[in-house]
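**Q** Mind looking over this structure? Questions follow.
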Amino acid sequence: MIRALLIILCLCAAPLSAQNANQPQGTIAITDSAAQDAAIAVRIRDILNELDGFDGVTVSVTSGIVTLRGTTVDTATADRLNELVGRVEGVVAIENEVTETTDVVARLNPAVERFQARMTQAVAMLPLIAVALLAFVLVLTLGMLLARARYPWDRIAPNAFIANIYRQVVRILFFVAGVVIALDILGATALLGTILGAAGIVGLAIGFAVRDTVENFIASIMLSIRQPFRPNDVVEIEGDTGKVIRLTSRATILLSFDGNHIRIPNATVFKSRIVNYSTNTERRFSFEIGVSSDADLAEVRRMAEETVAELPFILSEPAPMSWIERIGDGAIFMTVTGWIDQEATSLVRAKGEALRLVKARIEGAGIEVPDTTYRIQLLGGAALDAELDQPGPSEQAPALPTAPEVEAADVTDMSEPGLDKLVDAERNDPDAPDLLTDAAPKE
């Protein structure tokens, strides 16, 4: 209860303290003079007559105490009276009873006068504004012409995308220079700091809102400068494999081997693991083949490597290899590898041809390449009796297998008609920009 009372007393004492702060300070004279009071009143009236907004204020002075009555257009004008009157010599105290007027005309007149004054000032500034505007247009036009020129941007930029960025930077710089020159002519360079501050806050907000877009744009710049692939390269990005069609300012476009378009954002491409299968001319293929469990695995490995090495499209270095991969159901599986020059040989056709010839060589040597599927065959009684009447293994001599004559097919045809046609159509589209160039350095 006592604390609440103290708070109320403090609140009540605050306006009183503020009012006392506006009161005159100093020593009060002992003598009282009516002539001095009249002189104080005349001096205050003269001061108020020279200032705007105090026409409705009356002044009376008694024993150095100044009483102010009447109305002003607003409270701030009434509060100024204490400061003005308190500076007059001989004033002991101030009783400010001036209130804010409610007359609509009186309230609107100052606003109308301010508007008229500003319009008059604007008309007087028109020639200077015209000069400032002309200077801004000239500077901006010079920047636009310089940015539109092909030289030197096409020479110093690694590709058209970077050249356009250079041009845009030049336009922005000349625009800012034009604004600074125009404001300097108008004598309002202080306004430039406010504009730049507001632009910085707006730019920061926009940057957070379009963070992914900005990241993608920066990634496009980095990829166009240091290109990790070329057109028609076979690459793998984030698990997607295909031939590179083009690099745009937003995405990298691949054509899958199924003929589908794959658009990957450049920000993802820049941060991802990229496997480029076309960087080296040598490329290895591998395939898996199964043999029966009773086969001589060392001999099978020798035949497989020998067969692959004898193919005309297989490189001697690195040499073909084979190894036992795993033991499966009903077969032992081996992996066989070989290297080709992928610029002269089709990878998929070389792999298929090597698999065909290795299988033929193994089967020609009497080694079974088993079928891993299970088949159940029900034999009738007659068929079973006929099978029992056949001589056993010791009674019937096994026939020696003869290896068939197998020749390697031509695998140098690199064309894939459907896929190549799609890639060529995409590459030849004049309306589709491409940032990939042979002149740019390649990582």
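Read-outs throughout are calculated quantities, based only on the coordinates presented, and are distinct from any laboratory measurement. Note that the coordinates shown come from a computational prediction; the quantities given were computed from them, not determined experimentally. Ideal geometry is used to build each Cβ from the backbone, glycine not excepted, and the neighbour counts take in all protein chains shown.
**Q** Tell me, Trp339, Trp323 in order of fewest to most beta-carbon neighbours within 10 Å? List each step's numbers first, then the result.
**A** Working: Trp339 21, Trp323 11.
Ranked by crowding around the Cβ, least crowded first: Trp323, Trp339.
**Q** What is the gain in length, in nm to one decimal, between Ile47 and Ala117 on full extension, counting 0.36 nm per residue of separation less the C-alpha to C-alpha distance?
**A** Working: separation 70, 0.36 × 70 = 25.20 nm, distance 2.33 nm.
That pair, Ile47 and Ala117, stretches by 22.9 nm at full extension.
**Q** Using a simple spin-label model with points 7 Å from Cα along the Cα→Cβ vector, what separation in nm is obtained for Ile172 and Ala149?
**A** My value for the distance between the label points is 2.2 nm.
**Q** Compute the distance in nm between two label points, each set 7 Å from the Cα along the Cα-to-Cβ direction, one at Leu142 and one at Phe333.
**A** For the pair Leu142/Phe333, the computed spacing is 7.4 nm.
**Q** Which net charge results when you count Lys and Arg as +1 and Asp and Glu as -1 among the other residues whose beta-carbon is under 15 Å from that of Val214? Present the calculation step by step, with values, prior to reporting the outcome.
**A** Details: positive: Arg211, Arg250, Lys271; negative: Asp212, Glu215.
Residues near Val214 contribute +1 overall.
**Q** Continuing with the same structure: Once you place label points 7 Å from the Cα toward the Cβ at Glu236 and Leu355, how far apart are they in nm?
**A** Here the modelled spin labels are 1.7 nm apart.
**Q** Please report the net charge: other residues with Cβ closer than 13 Å to the Cβ of Asp296, K and R +1, D and E -1.
**A** Here the count lands on -1.
**Q** Taking H placed 1.01 Å from N in the peptide plane, check which residues at least 5 places from Gly56 or on another chain put their amide H under 5 Å from its amide H.
**A** Thr71
**Q** For the pair Phe257 and Thr189, what calculated FRET efficiency results from E = 1/(1 + (r/R0)^6), where r is the Cβ-Cβ distance and R0 = 60 Å, to the nearest 0.05? Could the numbers behind the result be given before it?
**A** On the way: r = 62 Å, r/R0 = 1.04.
Rounded to the nearest 0.05, the efficiency is 0.45.
**Q** Under the definition of Cα pairs under 8 Å and six or more residues apart, what whole-number percent is the relative contact order of region 19-102? Walk me through the intermediate numbers first.
**A** On the way: 130 pairs, mean separation 27.9, N = 84.
Rounded, it is 33 percent for region 19-102.
**Q** For a quick check: with amide H placed at 1.01 Å from N, whose amide H comes under 5 Å from Ala251's, ignoring anything fewer than 5 positions away on the same chain?
**A** Counting only residues 5 or more places away or on other chains, the set is Asn266.
**Q** For each pair in Lys243/Lys271; Lys351/Lys421; Lys359/Lys421, compute the distance between the two Cα atoms and list the pairs where it is over 29 Å. Walk me through the numbers before you get to the answer.
**A** Numbers: Lys243/Lys271 19 Å; Lys351/Lys421 24 Å; Lys359/Lys421 34 Å.
From Lys243/Lys271; Lys351/Lys421; Lys359/Lys421, over 29 Å: Lys359/Lys421.
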